[in-house]
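Worksheet for the structure shown next.
The values are calculated or read from the model by the stated rules, or taken from the named source; none is laboratory data. These figures come from a predicted structure and were not determined experimentally. Here Cβ is always computed from backbone atoms with ideal geometry, including for glycine, and neighbour counts include all displayed protein chains. Surface accessibility is based on the protein's heavy atoms, side chains included, excluding ligands, DNA and RNA. Shrake-Rupley method; radii C 1.70, N 1.55, O 1.52, S 1.80 Å.
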Amino acid sequence: MIKKLLLTFLVFLLNLASFAQINTLPATESFTTTFTQGTAIAFIPNWTGSTVATTNKIFQDLVDYSSAPAALSIIPTSSFDGDVQVNLNLTSYQSIVISFLAKSMLNGTGTRDVVLTMSTSIDGGTTWIGSTSIASLPNANQSAFTLFSYSLPVEANNQSNVLVRFYVTRGATGTSTAAKLVLDDLTIQQSTAPQITLSQTALTFTQVNGVPSQSQSIIVSGSNLTGNVALTTPNNYEISANSSTGFSNSVNLNPISGNLLSIPVYVRLNSSTNGSFSGNLAVNSSGVSTQNVILNGNCVTPTLTNPNPLAIVDSSSYSVFSQWDNTNTTGTYPANMALWSHSTTDPDLNTLFVEDWNCLYNLTSRSRFVGEGINGISMINTSNSQFTGICDNSDPTQATGTTIASGRAGALVLALNTYGVTNGSQITINWTGRTILQNFRAYGLRMQYRIGTSSGNPNAGWQEFSSTQEYLSGADATSETKTTILPIVCNGQNIVQIRWVYYYLGGTTTGARAQIAIDDISVIVGNLSNQSFTLDNKDFMLYPNPTNKQLVHLSSAQNIQIYDISGKVIFSEKNTSTINTNTFSTGIYFVKTDLGISKKLIIE
């Protein structure tokens, strides 16, 4: 009995430690206390780690350190991000700066950098602000430590429950293993000096000539400021406080009582000529050394193919696509189709397409389109585009050197000539989405359409269907058959293009991306009075979506299952028209009916 009481008391003490806070500043940490090992655990008082082990992932390093006898080391992998958090009580404290020493050490034989990003939460980890890229260090033995610092965003001032996150991931460049990151001799203290915090240190852009690039955001915050914060772009770049309007070569931000709350500004490349453009976005304020965000970008003219349209007429059916072998010739595409690519690592639905896919269909690494035989054509991206020698088989062993500028999988495009379809008919496209490999990052195939070719601009004129048409990645070797009805406005046109865009759904930012395929495309043209077309359409809508943990309504009663981003079923119910989301965590979920229709649900 005494042993049980002692054990209970020890567990109680451990629980107290896990909820403890640093509440007196300045504070220091040199990681000399023996680490407790486990998952999502307080490994020393006030500090938690995602997975703490002996010599990998997050661990106490007794070999590499700045001051004896230990340091904190983190090794990220393709399936593991190091997530270390420290809990602070900053009541009566403001303008906090965290300083520490760091370096990288060789890990394995890979060439991948290790990347440290820091951010802050004032609501217990539900949302993160002040995200800042601190360092990207090589997979090599660095002889000396470097001093780094992170200024907490103004929102953390005088807050009683503050978490600061050290988020460690593999870099986007290089291959195989990433470096070991070593942290030591950390100090947390107030500062009276003017300071500015930026969320990014570098941005990369691709612009299609004639259209400004997609804007990218930088979060700016500051404290103890004595004047405005001025941001000025180099030539060919523009900046605005609004994501879509008001772009010019500079922006001024106005602090209030010396504090600048976290505010986004938006940068884009807008060149009138093709070429590569680089320079620094300069950030200035009185008493603060100029901070620079490195901008690199390319302006290109698209070289995309518009496929020859398939002519369709009333009361007919067409088997458009059912197979694509990995032995098909480079630069060829299924009849009446094209494959488009771009340069974005994790594309969204606004990513601009630049060139055709002109590589082999049997590639097994890096970004690629793959011939899956009777399972159609699959798409998968990595952090790297293809090597030119591997792409065309001129150098199958190429491991360094030139890569294809826009060699990432992007979309499959189908063209139809509907001139022979009258307004009394309905065009229905049946197609199948397949998950070849689910992997870690969820992706989807979004279906869009346009009439004509928008005067040759491949990125203009695309429309969403009134009810979203898409396939979302699922478990390995699963598939769903979809039925999509084209709007009547598509009838009687010389060219109607339909595309399936391969895009990133969000969620996890590490690990391999989903490999998904499109297959079995057929077109049926029938009379509108034939009710079988509408009876097969079991689509539904969710609203409000996104939702702030409100009651979500379905447009029609359904038998549903809800999956989290990892594919785990977290909720199921039959014949329901509402979903109570107040117990769900913030994130992305998938609502799937027993008829195979899936919808993405975002909880903010």
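Details
- Cysteines without a disulfide-compatible neighbour (Cβ-Cβ under 4.7 Å), the chain: 299, 490
- Max-minus-min Cα coordinates of the stretch 437-530 on each principal axis give 45, 35, 20 Å, with the largest extent listed first.
- Fraction of accessible area attributable to carbon and sulfur, the chain (%, probe 1.4 Å): 50
- Value in Å of the Kirkwood radius, where the stretch 196-340 supplies the Cα pairs that are averaged: 18.5
- Dipole magnitude (debye, nearest 20) for the chain, charges at Cβ of Lys, Arg, Asp, Glu: 560
- Summed over qualifying helices (DSSP H, 4 residues or more, each -39500 (n - 2.57)) and divided by its residue number, the chain shows a 222 nm mean residue ellipticity of -1000 deg cm²/dmol.
- Each other residue within a Cβ distance under 13 Å of residue 513 adds +1 if Lys or Arg and -1 if Asp or Glu, for a net charge of +3.
- Cross-link pairs beyond the 25 Å C-alpha cut-off, checked among 180/568; 574/600; 57/592: 180/568; 57/592
- Hits among aspartates and glutamates - C-alpha to C-alpha of residue 549 under 12 Å, sequence gap 8 or more where chains match: 604
- Among beta bridges that DSSP assigns inside the chain, antiparallel share in %, nearest 5: 90
- Set of aspartates and glutamates near residue 482 by C-alpha distance (under 18 Å), chain-local residues within fewer than 8 positions excluded: 464, 470, 519, 520, 536, 539, 594
- Projecting the Cα atoms of 524, 75, 374 onto the dipole axis of the chain, where Lys and Arg carry +1 and Asp and Glu carry -1 at the beta carbon, places 75 farthest toward the positive end.
- Semi-axes of the equivalent ellipsoid for the stretch 96-175, Cα gyration tensor, largest first, Å: 28, 14, 8
- Debye intensity ratio in log₁₀ form over the Cα atoms of the chain, taken at each q of 0.10 Å⁻¹: -1.02
- Computed over the Cα atoms of the stretch 157-261, pair by distinct pair, the Kirkwood hydrodynamic radius stands at 17.6 angstrom.
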